[in-house]
Amino acid sequence: MDNAQSVWTATHSIARRPPLDRDEDADVCVIGAGIAGMSTAYALAREGLRVVIVDDGAVGSGMTARTTAHLQSAIDDRFHALTKLHGAHGARLAYESHAAAVDAIERFIGDEHIACEFRRVDGYLFGPPGDHSDELDRELDAAHEVGFIDAVLVPRAPLASFDSGPALRFPRQAQFHPLRYLDGLAQGFERLGGRIACGSHASEVVGGSSAYVRMHDGPVVFAKSIVVATNVPVNDRLVIHTKQAPYMTYVVGLELEGAAEMALFWDTRQRVEEPGSGEAPYHYARIVELGDRNVFIVGGEDHKSGQRDDGNERYERLERWARERWPMAGALRYRWGGQVMEPNDRLAFIGRNPADDDNVYICTGDSGNGMTHGTIAALLISDLIAGRNNPWEALYEPARVRLHGTAEFAKENLNVARQYIAGYAGGGDVSDEAEIASGTGAILRRGLSKIAAYRDASGTLHERSAVCTHLGCIVAWNSTERTWDCPCHGSRFSCEGKVINGPANRDLQPASQTVE
């Protein structure tokens, strides 16, 4: 399967809005039209504010199109871990905010009459075969402590042909089709008077009393407040990026050839950590309803972005894991990858951007719960802009420092330092451009320079500087996604060097020549 495509982009398209062609005045300018940006813009428009959204792509064309769309208050990072990191009160607020986010999504769907296959389901957490740890017991105790009192331990998850062993059942979770939801939200936002400008690349973000966002091609949005909701902030060079780490995650979609339980499924871990990587891959699964057919999707097998190029092997492991547990899974129909940002203390950064003016806000650090964290942003940032108190403000404060998160902070930043050294000290992937086959890329060393070289289907070699335009790390070729990925802070570029994911906000720079 050469062309990676998510089940969402294969089954729904959102009308592309025209780019910004003139200056605009607004109460709020939102950068990014994914789940966080669109939800926040919609919430602000409901309060009567004039809001303009700008996105360098189309609505939902970023990581929202590459999610598995689990809507969960049973947070990915586990309540017992959150209690250790944020205290009992903080863990309770985390649970309550994610539950409120799922409720808000359901409410928005009802208000806007959005047909997006929203369904409330149970969620099941179980361990790997032969697991004798006490993790489920600890998680159940922690869940009850934070207020999730009807979470229960059951003998097994509802898998007809596979004995999962003991599992925790979390009621009132949910699932939906994220692009159909985003499409309906965008239409509701426009009915409220909002403006969406696609193909509009924000190249300059300035807060303060004369705040504005300037597009790469000239137009400016003047605003009282700015919200940067670009998955990874493109207006912050360093502060936030030292506090979170980028991880690639993978998904496969298999045709279902029989009945299966509608639920969300998560395992605690699958195998021991990969040597030298600190990774303990886990899996998450659900069923997608597509009218006359259902597709089973399973994701996981995460690794640090730009530090592995074995995506095909990870897809194969996902497929094998799925077929062992759901033998009614049929033909492989979809596979895709995405990037998640893991904060050092496991909760998103939502609020005022550190070391910036007070009217510039960010949302980043989804930690695998992007749909709910993005909706929490809508509820929290709309309160902050309106001057209202919000009980979650301190929990998600981007400038926060948690004592128990410092070890993770140190580990991840040491990893970044190693990537800088390895990137410049090593040779190229190949010694000569003739070794680069059509449809592939490789790093070349040319004197003191590193070149990111990609050969297209016609045989033309496209060369760009391999230096990431964020903070100068050397990018790496991702053969399954056909992208250049930065192993330091997660910037990603197309095979021809166009920036597609921050924190970089500029394309890879040209190399000295393009070779035919």
What distance in nm lies between label points placed 7 Å from Cα along the C-beta direction at R293 and M328?
1.6
Can you figure out the FRET efficiency of S449 with V206, using R₀ = 41 Å and their beta-carbon distance, to the nearest 0.05?
0.80
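If I require 18 Å or longer along the helix axis, counting alpha carbons, and a Kyte-Doolittle average no lower than -1.0, what helices from the chain are left? Use full DSSP H segments.
79-112, 178-191, 370-386, 406-425
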Zone residues, the range 227-259, relative to A160, backbone N less than 11 Å from point 7 Å out along Cα-to-Cβ:
257-259
Full-extension gain in nm, D358 to A259, via 0.36 nm per residue minus C-alpha separation:
30.4 nm
Return the distance in nm (one decimal) between the two label points of a simple spin-label model at N389 and K498, each offset 7 Å from Cα along Cα→Cβ.
4.9
How large, in percent, is the carbon and sulfur part of the accessible surface of the chain at a probe radius of 1.4 Å?
50
Label-point separation in nm, E106 to D432, each point 7 Å along Cα→Cβ:
6.5
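Is the shape of the chain best called rounded, prolate or oblate, per the rule: a/c under 1.5 gives rounded, else a/b larger than b/c gives prolate, else oblate, with a ≥ b ≥ c the square roots of the Cα gyration tensor eigenvalues?
It is rounded, given that a/c, with a ≥ b ≥ c, falls under 1.5.
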Measure of exposure for W8: accessible area at 1.4 Å probe, Å² rounded to 10, is 0
Cysteines without a disulfide-compatible neighbour (Cβ-Cβ under 4.7 Å), the chain
C29, C116, C198, C363, C495
With the 1.4 Å probe rolled over protein heavy atoms, the chain has an accessible area per residue in Å² of 38
Given axes a ≥ b ≥ c from the Cα gyration tensor, I'd like to know whether the range 1-140 is rounded (a/c under 1.5), prolate (a/b larger than b/c) or oblate.
prolate
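Of K243/K498; K450/K498; K224/K498, which sit over 24 Å apart, Cα to Cα?
Working: K243/K498 26 Å; K450/K498 17 Å; K224/K498 31 Å.
Too far apart for the 24 Å limit: K243/K498; K224/K498.
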Among rounded, prolate and oblate, which fits the range 72-153 when a ≥ b ≥ c are the square roots of the eigenvalues of its C-alpha gyration tensor, a/c under 1.5 means rounded, and a/b larger than b/c means prolate?
oblate
Rounded to the nearest 500, what is the 222 nm mean residue ellipticity of the chain from helices alone, with -39500 (n - 2.57) per DSSP H run of 4+ residues and division by all residues?
-8500 deg cm²/dmol
Which loop-located GluC sites (Glu not before Pro) does the range 105-146 contain, where loop means any DSSP state but H, G, I, E or B and the Cβ has at most 13 other Cβ atoms within 10 Å?
none
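The values are calculated or read from the model by the stated rules, or taken from the named source; none is laboratory data. Since the model is a prediction, treat every value here as computed from it, not as a measurement. Cβ atoms come from the backbone with ideal geometry, glycine included; neighbour counts cover every protein chain shown. Only protein heavy atoms, including side chains, enter the accessible area calculation; ligands, DNA and RNA are left aside. Shrake-Rupley method; radii C 1.70, N 1.55, O 1.52, S 1.80 Å.
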